[in-house]
Amino acid sequence: MAIRTTNTPLLEIELNRLDEKPLQKQLFNQLRDLVLKGRLQPGERLPSTRYLAKELKCSRNTVLGAFDQLLAEGYLEGMTGSGTYISKELPDDMGDFANYSQKRSGQEEQQEGPGFSKRGRELAAMEKRVHRSHPTFAPGTTDAGSFPFPLWARSLARTWRYPKHDILHNPDPCGYIPLRKEIANYLRVSRGLSCSWHQVMITSGAQQAVDLMARLLLDSGDVAWFEEPGYPGLRGPLHSAGVKMVPVPVDEEGLSVTEGKRLAAKARMAVVSPSHQYPLGAVMSLRRRLELLDWAEENNAWILEDDYESEFRFSGKPLSSLQGLESERYGGGKQASRVVYLGSFSKVLFHVLRLGYLVVPENLVEAVASARTLMDERSSLLAQPALADFMAEGHFSSHIRRMRRVYGERQQILVENINRYLSDYLCVSPDAAGLHITAYLTEFAKAKVSDRAIVELADKKDISASPLSLFYSDPKLAKQGLLMGFGGCKPNEIEEGCRKLATVFDQAVYSKK
């Protein structure tokens with residue numbers, strides 16, 4: 001019989017009256033098995049004995065007897081006036097069982113793999129960033145507390161209290177049309193893009209955008225240039241599409257086209273972040289941008305332009321996007337377009353929003369829209385109408401202008417405090433844009449400790465900087481440094497974080513014999 005506990009799915013419990021075992025023993029065994037198998041988790045509340053007796057069509061004394069035995073053996077715990085719960089500290093034999101099952105499962109996965117394909121095993125083995133709960137110096141973190149949530153709630157209420165017909169019936173697979181129009185207008189004004197709203201397609205973030213375009217524009221086994229070092233989050237979608245990535249070095253002018261040609265001249269795609277390269281922060285020079293466009297045209301290749309954190313530029317005049325530069329260069333001709341532009345709202349608004357967009361060449365719009373319908377149909381519409389309203393009311397642009405000033409001040413405070421407390425260990429310069437800076441280990445620090453060791457120790461002090469070496473595909477070429485985010489830190493937290501990090505370095509460097 002299916003029995004529902006207070007906060008768990010239905011659980012099957014059957015009492016067989018033809019069995020020689022007493023009903024009380026049957027119920028005890030079945031509940032104990034559910035705990036051992038993990039279907040009942042520590043802390044979960046069980047139904048009342050009266051309810052169980054009624055559902056199982058047995059006497060309440062039968063249920064009470066089974067509960068008493070489970071309580072005596074440590075599987076349950078009772079709370080006066082609250083009910084009976086699965087024990088938070090299970091008996092030793094349960095711990096042994098769980099450890100054995102976990103060990104056996106791990107051994108089987110290590111020996112045979114968890115039923116994955118070769119590509120799946122490679123994806124699972126790829127090195128990932130560690131997500132930590134504390135925001136101090138976490139790269140890419142925004143100040144969610146400064147976001148105007150009352151205005152956002154008003155936009156949500158306005159669009160969903162009495163939703164329009166086009167939201168609920170036959171929505172466009174490429175996204176909510178008013179939002180696509182707002183994005184197109186914003187990109188034309190702020191980033192110099194040449195596009196119509198038809199070219200804008202809503203995604204669930206940058207990773208989905210890369211995955212979609214890699215599958216549509218490339219065949220399995222095709223080669224793509226990938227920045228070295230580069231953002232690990234984009235390696236996964238490319239690898240899952242069967243793309244062979246060739247790491248191309250990045251210097252102070254951005255991705256080296258000369259090196260790319262030397263390593264893989266006939267590559268089919270280049271994945272670049274020209275506005276603010278992640279993680280080094282380089283801004284691709286105009287000369288490099290033109291070289292890259294020439295290479296793409298000559299080789300009939302694609303450029304996937306990740307316009308990462310372009311909204312938060314603190315000094316100098318922003319260079320045109322590759323997409324806009326290409327359009328200016330060739331007079332807006334459809335036949336010349338080799339650039340696919342992608343952006344995300346996660347770093348601009350708040351991370352859990354999970355909304356991004358693509359701007360595809362006009363001659364690909366119909367084909368991409370058709371393929372999108374077959375592969376994914378559409379991204380969630382829940383936030384799209386609200387974001388369209390939020391942008392139309394001017395709140396989006398106002399928020400960006402306000403936060404650009406805030407983040408610029410915080411970057412300056414971080415640089416000052418690194419120079420004050422960490423100058424023996426880190427060297428850093430202000431960055432032109434973005435939500436993090438890259439601080440390189442000094443020669444003195446590199447001789448004593450690695451960036452990964454420092455990050456591991458700093459994590460114990462609630463500091464979430466990332467090691468620069470993590471972002472290199474070739475460990476032999478990896479530079480030593482820390483990515484230090486400042487977006488989610490208040491000024492006093494930045495200074496305190498630098499002090500803590502200085503003590504971490506002191507302990508790591510001077511505790512070694």
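The values are calculated or read from the model by the stated rules, or taken from the named source; none is laboratory data. All of these numbers come straight from a predicted model, not from anything done at the bench. We place every Cβ from the backbone using ideal geometry, glycine too, and count neighbours over all the protein chains shown. Heavy atoms of the whole protein, side chains included, go into the accessibility calculation; ligands, DNA and RNA do not. Shrake-Rupley method; radii C 1.70, N 1.55, O 1.52, S 1.80 Å.
Quick look at the numbers
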read-out	value
Segment 204-255: C-alpha gyration tensor shape, a/c 1.5 cut-off, then a/b vs b/c	oblate
Per residue accessible area in Å² of the chain, where ligands, DNA and RNA are left out and the probe is 1.4 Å	49 Å²
Cβ-defined net charge surrounding Val504, 9 Å radius [Lys, Arg +1; Asp, Glu -1]	+2
Dipole in debye (nearest 20) - segment 276-402, about Cα centre, beta carbon charges: Lys, Arg +1; Asp, Glu -1	420 debye
Between segment 181-198 and segment 362-413, the Cα center-to-center distance that results, in Å	11 Å
Residue-count net charge about Arg161 - beta-carbon cut-off 14 Å; Lys, Arg +1, Asp, Glu -1	+2
Among (i) 1.06; (ii) 1.01; (iii) 0.95, the entry that matches Rg/Rh (Cα atoms, Kirkwood Rh) as calculated here	(i)
Set of aspartates and glutamates with alpha-carbon distance to Lys164 below 14 Å, sequence-local pairs under 8 removed	Asp172, Asp389
Spin-label zone in segment 469-499 - amide nitrogen under 15 Å from a point set 7 Å from the Cα of Cys427 along the C-beta vector	479-482
Computed helical MRE - 222 nm, the chain, DSSP H runs ≥ 4 contributing -39500 (n - 2.57), nearest 500	-13500 deg cm²/dmol
Heavy-atom accessible surface of the chain: percent carbon and sulfur, 1.4 Å	50 percent
Aspartates and glutamates whose Cα lies under 14 Å from that of Lys88, excluding same-chain neighbours fewer than 8 positions away	Glu44, Glu73, Glu77
